[in-house]
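Everything below concerns the one structure shown next.
The values are calculated or read from the model by the stated rules, or taken from the named source; none is laboratory data. Just so it is clear, the model here is predicted, and its values are computed rather than measured. With ligands, DNA and RNA removed, areas are computed over all heavy atoms of the protein, side chains included. Shrake-Rupley method; radii C 1.70, N 1.55, O 1.52, S 1.80 Å.
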Amino acid sequence: MPETRFPEESQSRTPLQDSCGILTPSALHYERHHSGVPAIDPAAHRLLIHGLVDRPIIFTVEDIRRLPSISRIYFLECSGNTVWADHAGPTAQRSHGLASCSEWTGVPLSILLSEAGVQPRARWILAEGADACKMQRSLPIEKAMDDILVAWGQNGEALRPEQGYPLRLVVPGWEGNVSVKWLRRIEAVDQPYMTRDETARYTDLMPDGKARIFTFVMDAKSIITCPSGGQSVKPGFCEITGLAWSGRGRIERVEISVDGGKTWIDAALQEPRLDKSFTRFRLPWKWDGSEVELQSRCADNTGSVQPSWDALVAVRGVHSDYHNNAIKAWKISADGRVTSA
Ligand code: CO
């Protein structure tokens, strides 16, 4: 069966196994949309800020671009990246490709909310997209006033249509779905709105049958991109390299095991190591031609450490689809072929 049965509910994944450095070219950024990609006339598009504010405002795209902007490098990751069924995915793209990293340019949302005179009663915001499903997500006001961007640029050019042209939220470190694309409305509200995409979806079913909701942060995660599934290696020098990221902060350590998790070696972390961004790691290594199992494990500056698959399942069970940050293992067979372990 094809991966997606309905073209209007589609996704595409970044070929992480072919990546270098930390930035994802815009054309290779993963896509996830729930009702297709709308064709929006930027001259006609508007962003409304209203609700619990003193001065409701309607911004044109030109208005937004006139305001002081900043550029920041952040990863985005779908919380459905590496769903339980994908954990043994045969390639890095298949198992981990719903994650990408870009330089985003836009206006801090805090500036727009301050301009509208957001009231103390406003504890949450509701963000809404202009796509056919009117994607809606609730976000706490603390995050809205912290580091969220209303972005119009990505990697030195305008947002692409699949990435939310002409305006989108970029919510650093949080599950990709809340970075609402084709942004058209922000309502300051006093409570979360329990929209379809935060009740029927994007919740985590736990072993006791209860569901966690509003699990926004993407935890520390890493993957070896080379050598990885679908590739093959020759005996002799082989650099092990990959990507690590954490929605809680900066990557401080990546360890690599070449013996199935029995012993670990520190990898070198390539600068820059930025907050809530991809970090590239490298380890010079020599493959002796015997069968081995490779793993990577990362830790961030809050002390959060990437768990093993067994440790994750012990807490989360097997009925969850979102927020799998478990260690991923690759096997190199004696013939040099790399497969999921
Ligand atoms: Co979540």
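Pairs of alpha-carbon atoms within less than 8 angstrom and 6+ residues apart define the contacts here; what relative contact order does the chain have, in percent?
Numbers: 878 pairs, mean separation 61.3, N = 341.
In percent, rounded to a whole number, it is 18.
Would you mind working out the accessible area per residue for segment 221-340, using a 1.4 Å probe, and quoting it in Å²?
Details: 5110 Å² over 120 residues.
Per-residue accessible area for segment 221-340 comes out at 43 Å².
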Of every hundred units of 1.4 Å-probe accessible area on the chain, the number belonging to carbon and sulfur atoms, as a percent, is 52 percent
Of Ser340, Ser228, ordered by accessible area with the largest first and a 1.4 Å probe, the sequence is Ser340, Ser228
Under a 1.4 Å probe, counting only protein heavy atoms, Glu115 has an accessible area in Å², nearest 10, of 110 Å²
Under the helix-only model (-39500 (n - 2.57) for each DSSP H run of 4 or more, divided by the residues of the chain), the mean residue ellipticity at 222 nm, to 500 deg cm²/dmol, is -2000 deg cm²/dmol
Whole-Å distance linking the alpha carbon centroid of segment 280-303 with that of segment 204-227 is 21 Å
Long-range amide H partners of Ile240, meaning residues 5 or more apart or on another chain whose placed amide H is closer than 5 Å, are Leu283, Trp285
Probe 1.4 Å, all chains present, heavy atoms only: Trp285 accessible area in Å², nearest 10, is 40 Å²
